[in-house]
1. Could you pull out the residue among Glu117, Glu113 that is exposed (fewer than 13 other Cβ atoms within 10 Å of the Cβ) and free of Cβ contacts under 8 Å to residues at least 60 places away in the same chain?
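The values are calculated or read from the model by the stated rules, or taken from the named source; none is laboratory data. On a predicted model such as this, the values are computed, not experimentally measured, just so you know. Please note: Cβ atoms are built from the backbone with ideal geometry, for glycine as well, and neighbour counts cover all protein chains shown. Ligands, DNA and RNA are excluded from the accessible area calculation, which covers all protein heavy atoms including side chains. Shrake-Rupley method; radii C 1.70, N 1.55, O 1.52, S 1.80 Å.
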Amino acid sequence: MWTSRRHLLVPVAMASLALTAAGCGDSSDTAAPAGATRSVPGGTAPGTASSAGVPSSAGVPSSAPTTAPGEPAGSEPAATGQDSGRCTADGLSMSLGRGEAGAGQIHYRLTFENTSEEPCTLHGFPGVSLIKRDGSVIGDPAGREGGTRERTVIAPGGTADVSLHTLNQGIDGPGCWDRPDYLRVYPPGSTEALTLRTPQLHVCGDRFTTTAVAG
């Protein structure tokens, strides 16, 4: 009887081992332990975020500003053309008209022309100095005369101007300054200057002023 029972237990044990082996051989339905990293061919390395569902600005707060520094948040370009960029020296040329005399006063029209391919704006007073051939400055830079005018939008090929003011020789006070060889002009708001060769602007009576730019 002992021999018979031992023979019956062997097939049962073998069947149990076979079922266990069959369950271990297929890992496709086996859940990975919590915190484990599954290696996927072509996937990302452990510890790096997958691109799927992750915005390109990951790590940047959602409230990060989208406007340029100094630009008011939510500002929009003006529809009147006043959003045009400021005119710079490399996008301008200039010319000086002949002096117009009257009642002892002389006015010279200094004209700026937009030589760029885009509209630009000028607003305020230029910086104007008289320069000798050796680069030295004659007298003082032009003072300001009158108030600031409205912003001037200059189309490509368009112009704007200022009026340079001095006195007729012998009208008042001291004599005249030396005649310049060049006129050096900083457009309003610019740190770059334009230079015009001209000897005709003759400042007398220590009066040398410029108006603000007007269209």
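1. Glu117
Residues are listed down the side, and each one gets a yes or a no for (1) modelled with pLDDT of 95 or more; (2) open to solvent by 40 Å² or more (accessible area, probe 1.4 Å):
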| site | (1), (2) |
| --- | --- |
| Lys132 | yes, yes |
| Ile138 | yes, no |
| Gly157 | yes, yes |
| Ala160 | yes, no |
| Ser163 | yes, no |
| Ile171 | no, yes |
| Pro174 | no, yes |
| Arg184 | yes, yes |
